[in-house]
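Heads up: the structure comes next, in structure tokens.
The values are calculated or read from the model by the stated rules, or taken from the named source; none is laboratory data. Computed from a predicted model, the values in this text were never measured in an experiment. Positions of Cβ are generated from backbone atoms using ideal geometry, with glycine treated the same way; all protein chains shown enter the neighbour counts. Side chains are part of the model used for accessible areas, which takes the heavy atoms of the whole protein and leaves out ligands, DNA and RNA. Shrake-Rupley method; radii C 1.70, N 1.55, O 1.52, S 1.80 Å.
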Amino acid sequence: EAKSNGKNQYQLFNEKMRLRLTARIRLEQDLKIALQDEQFEVYYQPKINIHTRQCTGAEALVRWRHPVNGFVSPDAFVPVCEETGLIIELGAWILRTACIKTRELQEQGYPGLNVAVNISAVQFTDGGLLPMVVRALEESGLASELLELEITESAVMHDPEEVILSLHELSEHGMKLAIDDFGTGYSSLAYLKRFPVNTLKIDRAFITDISSDNDDVAIVEAVLGLGKHFNMKVVAEGVEDEEQLNFLKAQGCDIAQGYFISKPLSSEQYNHWLERWPYGVQSGSVIRMPEL
Ligand code: C2E
Ligand code: MG
Ligand code: MG
Ligand code: MG
């Protein structure tokens, strides 16, 4: 009896695996179609200078509207794009779209806004990152100083020596570099002094309970101390209320991003938000015409 039971279990397991595999193959096919059919959209989540509350720019976040299943979270499809290599093409499209949008905003009266774009580890090791970024800047006419590339701490640590080389190349071209989700990976702090990084983004996990959790306070203070020492800006992610914002301000944090300021917005909504944001928008004069 135990034997037949085991057999059933095995068949059940097999069936589960088969379904999972089918779903995965379907998802990969849908993603390829999505790229052709332009089902992706870039959303923008505003960031503010904590002291003046002026908007400094936005983080570009990809969105997928599946024709049948509706909205799919990037956490559910970005990893699949990374595994299949589709992220190379999708990532290039996201970057180009974000650069063009930011260049358009300059012409609409917001010359000082920057844009931060997430870059996957796969894009870093692919070898074609620098030419791809340079092309996006040339096509859009956006100044390299207004583009920030975000890489997660774990992506950096995947192959630190290789990534350090890549970061130096990008930084020599004027792009800004940020370490995303800082504190959640396991970077050896010794590497920090070798990274030509401009910004540390404190992960949302440490901000959520900052008003009540002493451990989180200590972590945030430590990251702010590192930022100060290495002359890096510190961005707090996931700021959801005024208490958190005030706390971060008192601690000397530079920039905040989160639902308290705004959720990620469609391109059109971002314009509307900028028009209405009562504290204004960071000014700047770095407009550069595309080289013809
Ligand atoms: P991330 O780069 O750390 O982006 C921040 C995430 O936190 C976004 O989720 C954003 O919507 C969310 N968020 C911002 N403020 C708040 C808040 O106050 N409360 C809460 N609960 N959440 C907040 P999203 O857009 O779902 O993206 C998730 C992750 O997917 C990103 O984390 C990033 O790792 C990846 N991702 C998103 N867009 C792209 C992209 O264009 N390229 C690549 N390679 N990865 C992307
Ligand atoms: Mg990010
Ligand atoms: Mg993050
Ligand atoms: Mg994240």
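Residue count for the range 79-107 satisfying the condition of being under 17 Å from GLU268 (Cα atoms) and free of Cβ contacts under 8 Å to residues at least 24 places away in the same chain: 2. Looking across the range 201-239 at every residue that is modelled with pLDDT under 95 and touching a Lys or Arg at 6+ places or on another chain (Cβ under 8 Å), the one that is most open to solvent (accessible area, probe 1.4 Å) is identified as PHE230. Considering the conditions (1) more than 16 Å from ligand 3 (Cβ to nearest atom); (2) within 15 Å of ASP181 (Cα to Cα), ASP215 is excluded by exactly one of them, (2).
Selection of the range 59-70 for residues being hydrophobic (A, V, I, L, M, F, W, C) and closer than 22 Å to ALA116 by Cβ yields ALA60, LEU61, VAL62, TRP64.
The set of residues in the range 125-161 being modelled with pLDDT of 95 or more, among the acidic types (Asp, Glu) and either touching a Leu at 6+ places or on another chain (Cβ under 9 Å) or open to solvent by less than 20 Å² (accessible area, probe 1.4 Å) (or both) consists of GLU148, GLU150.
The set of residues from the range 77-102 being within 14 Å of ARG135 (Cβ to Cβ), open to solvent by less than 40 Å² (accessible area, probe 1.4 Å) and touching a helix residue (DSSP H, G or I) at 6+ places or on another chain (Cβ under 6 Å) comprises GLY91, ALA92, LEU95, CYS99. From the list ASP159, ASP180, the one residue that fits, being more than 14 Å from ligand 2 (Cβ to nearest atom) and not polar (S, T, N, Q), is ASP159. Restricting the range 108-124 to residues that are within 12 Å of ligand 1 (Cβ to nearest atom) and in a loop (DSSP other than H, G, I, E, B) leaves a set whose member that is surrounded by the fewest Cβ atoms within 10 Å (Cβ to Cβ) is SER120. Any residue that is open to solvent by less than 20 Å² (accessible area, probe 1.4 Å), more than 15 Å from ligand 1 (Cβ to nearest atom) and of a type in the set (A, V, I, L, M) - is there at least one of those in the range 186-196? The answer is yes, given that some residue of the range 186-196 is open to solvent by less than 20 Å² (accessible area, probe 1.4 Å), more than 15 Å from ligand 1 (Cβ to nearest atom) and of a type in the set (A, V, I, L, M).
Elements of the type strands (runs of 3 or more DSSP E) sitting completely within the range 29-107 and holding at least 1 residues that are polar (S, T, N, Q) and away from ligand 2 (no atom under 16 Å from the Cβ): these cover 40-49.
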